[in-house]
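The structure appears below as structure tokens.
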Amino acid sequence: MNIGIIGAGHIGSALAVRLTSLGHSVYIANSRGPETLTDVAQKTGATPVTPREAARHGEIIVVTIPLKNIPDLPKDLFEGVPADVPIIDTSNYYPYLRDGQMPELESGDLTESEWVQQHLGRPVVKVFNNIYAHHLEQKGQPAGTPGRISLPVAGDDAAAKQKVIALVDELGFDAVDAGSLHESWRQQPGTPSYGADMPAAELQQNLASLGTQRTPEQHAQYMANQAEAEKQMEAQGIKLK
């Protein structure tokens, strides 16, 4: 396939490495221009391009940039891109370390990816947000391997979701249908599945145990969990891109 990746940080680079190794044609872009992506191209085998070129190249498009930068993407980014091309959103909200407080997400009315979808003006599928980049690059396994890591896939477009589920499997992970985009709060930072590398049965059980409608108590708890995690990351000198 032709795959466009917009964002050359940890997740974007990890995906580029794996996808090129599987024989896909990968175009990768960042906000600073393709001339700044020489090292990324050498490491991943992806072709450095502009965001618009990455979008037009893709039979699947991955948007993997800091949440706060989503509104800065070109307004015509998906002009000429067919409506049936799945757009993957990998974003997470880090209010303390990176994004600053965003009232729309603090209230709990919107999930992160619903907010992204509003800004992009195209349906998105949320995946790859709850796994560490080096695990994404290194821990894929053949289907049927005991303990194979599973990844939740949330979205409202059934056809797009099936294409993304097939890609997740090809990368070496079990894909678990995590419901609608409004239910994707169950895979956001602070929740039990975030960074937990659960096998499919455990992830399915976890998602079911949370219900489908986020309660104010759940929202408050997961925001508190994330705040504590961000403070620990800061203490360890971890910086987010």
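The values are calculated or read from the model by the stated rules, or taken from the named source; none is laboratory data. Given the structure is predicted, the values throughout are model-derived calculations rather than measurements. Cβ: placed from backbone, ideal geometry, glycine included. Neighbour counts: every protein chain shown. Ligands, DNA and RNA are excluded from the accessible area calculation, which covers all protein heavy atoms including side chains. Shrake-Rupley method; radii C 1.70, N 1.55, O 1.52, S 1.80 Å.
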If you take the residues in region 192-211 that are assigned to a loop (DSSP other than H, G, I, E, B) and within 24 Å of residue 146 (Cα to Cα), which one is least open to solvent (accessible area, probe 1.4 Å)? 193
Please find, within region 95-126, the residue that is nearest to residue 189 (Cα to Cα) out of those that are hydrophobic (A, V, I, L, M, F, W, C), touching a residue at least 12 places away in the same chain (Cβ under 8 Å) and not in a helix (DSSP H, G or I). 102
Applying the selection to region 17-36, what residues are more than 18 Å from residue 73 (Cα to Cα) and of a type outside the set (D, E, K, R)? 17, 19, 20, 21, 22, 23, 24, 25, 26
Those residues of region 9-40 which are touching a Ser or Thr at 6+ places or on another chain (Cβ under 7 Å) and part of a helix (DSSP H, G or I) amount to 11, 12, 13, 16, 17, 20, 34, 40
Which members of region 212-235 meet the condition of being touching a helix residue (DSSP H, G or I) at 6+ places or on another chain (Cβ under 8 Å), open to solvent by 20 Å² or more (accessible area, probe 1.4 Å) and farther than 14 Å from residue 129 by Cβ? 212, 214, 218, 219, 223, 227, 231, 233, 234
Any residue in region 223-238 that is touching a residue at least 12 places away in the same chain (Cβ under 8 Å) and within 23 Å of residue 108 (Cβ to Cβ) sitting within a Cβ distance under 8 Å of a residue that is β-branched (Val, Ile, Thr) and not in a helix (DSSP H, G or I)? List the pairs, counting only those 6 or more apart or interchain. 225/191
Residue identified as open to solvent by 20 Å² or more (accessible area, probe 1.4 Å), under 29 Å from residue 16 (Cβ atoms) and part of a helix (DSSP H, G or I) among 165, 238: 165
Take residue 160 and decide whether it is more than 26 Å from residue 29 (Cβ to Cβ), in contact with a strand residue (DSSP E or B) (Cβ under 6 Å, 6 or more places away or on another chain), crowded, with 18+ Cβ neighbours inside 10 Å and of a type in the set (A, V, I, L, M, F, W, C). no
If you take the residues of region 21-40 that are under 18 Å from the mean Cα position of the chain (by Cα) and farther than 16 Å from residue 128 by Cβ, which of them is most open to solvent (accessible area, probe 1.4 Å)? 31
Answer from 4, 45, 58, 12 - the residue that is open to solvent by less than 40 Å² (accessible area, probe 1.4 Å), at pLDDT below 95 and either closer than 23 Å to residue 161 by Cα or not acidic (Asp, Glu) (or both): 58
In region 76-91, anything surrounded by fewer than 21 Cβ atoms within 10 Å (Cβ to Cβ) and touching a Phe, Trp or Tyr at 6+ places or on another chain (Cβ under 9 Å) is listed as 85
